[in-house]
1. Any idea how many residues of the range 12-50 are in a helix (DSSP H, G or I), of a type in the set (Lys, Arg) and surrounded by fewer than 17 Cβ atoms within 10 Å (Cβ to Cβ)?
2. Regarding the range 51-68, can at least one residue be identified that is of a type in the set (Asp, Glu), loosely packed, with under 12 Cβ neighbours inside 10 Å and either in contact with a Leu (Cβ under 7 Å, 6 or more places away or on another chain) or at pLDDT 95 or above (or both)?
3. From (1) in contact (Cβ under 8 Å) with a residue 40 or more places away in the chain; (2) assigned to a strand (DSSP E or B), pick out the condition that doesn't hold for GLY56.
4. Would you please name the residue that is surrounded by the fewest Cβ atoms within 10 Å (Cβ to Cβ), looking only at residues in the range 69-82 that are without any contact (Cβ under 8 Å) to a residue 40 or more places away in the chain and in contact with a strand residue (DSSP E or B) (Cβ under 6 Å, 6 or more places away or on another chain)?
5. Among the residues of the range 9-42, how many are of a type outside the set (A, V, I, L, M, F, W, C), under 18 Å from ARG74 (Cα atoms) and out of contact with any Ser or Thr (no Cβ under 8 Å at 6 or more places or on another chain)?
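The values are calculated or read from the model by the stated rules, or taken from the named source; none is laboratory data. If you're wondering where the values come from, they're calculated on a predicted model, not measured in any experiment. Reconstructed Cβ throughout: ideal geometry from the backbone, glycine too, with neighbour counts over all protein chains shown.
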Amino acid sequence: MPRKRKPTRGYKNYLNNFCQGAWGSTPRYEDEFEGPLNNGIWTSYVYIHGEQYGRGRGATLLGAQEEAASCALRTLQDQQAT
């Protein structure tokens, strides 16, 4: 039987640490829930200094926030590359 892969976690923590080190502040999340309580979808937006840097969706709040943080990290990385 194939092993289940554990979801990657830690993007929120990494983004928080990065923002603390770079700017002395933490990112802010805004979360929305849509659908029935037993089968809804969370959408999370992450803001740094008032600007949206990422959006994530997931079956859980943490999953949506982790995806949003991952997106924000990619955005920051792209900005540093240019």
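1. Residues in the range 12-50 being in a helix (DSSP H, G or I), of a type in the set (Lys, Arg) and surrounded by fewer than 17 Cβ atoms within 10 Å (Cβ to Cβ): 0 in total.
2. There is at least one residue in the range 51-68 that is of a type in the set (Asp, Glu), loosely packed, with under 12 Cβ neighbours inside 10 Å and either in contact with a Leu (Cβ under 7 Å, 6 or more places away or on another chain) or at pLDDT 95 or above (or both).
3. In the conditions (1) in contact (Cβ under 8 Å) with a residue 40 or more places away in the chain; (2) assigned to a strand (DSSP E or B), GLY56 misses (1) alone.
4. Of the residues in the range 69-82, the ones without any contact (Cβ under 8 Å) to a residue 40 or more places away in the chain are 71, 74-75, 77-82.
If we keep only those that are in contact with a strand residue (DSSP E or B) (Cβ under 6 Å, 6 or more places away or on another chain) too, we end up with 71, 75.
Values: CYS71: 20, THR75: 16.
The extreme case among them is THR75.
5. Initial filter on the range 9-42 (of a type outside the set (A, V, I, L, M, F, W, C)): 9-14, 16-17, 20-21, 24-32, 34-36, 38-40.
Restricting the remaining residues to those that are under 18 Å from ARG74 (Cα atoms) gives 9-14, 16-17, 20-21, 26-29.
If we keep only those that are out of contact with any Ser or Thr (no Cβ under 8 Å at 6 or more places or on another chain) too, we end up with 9-10, 12-14, 17, 21, 26-28.
Number of matching residues: 10.
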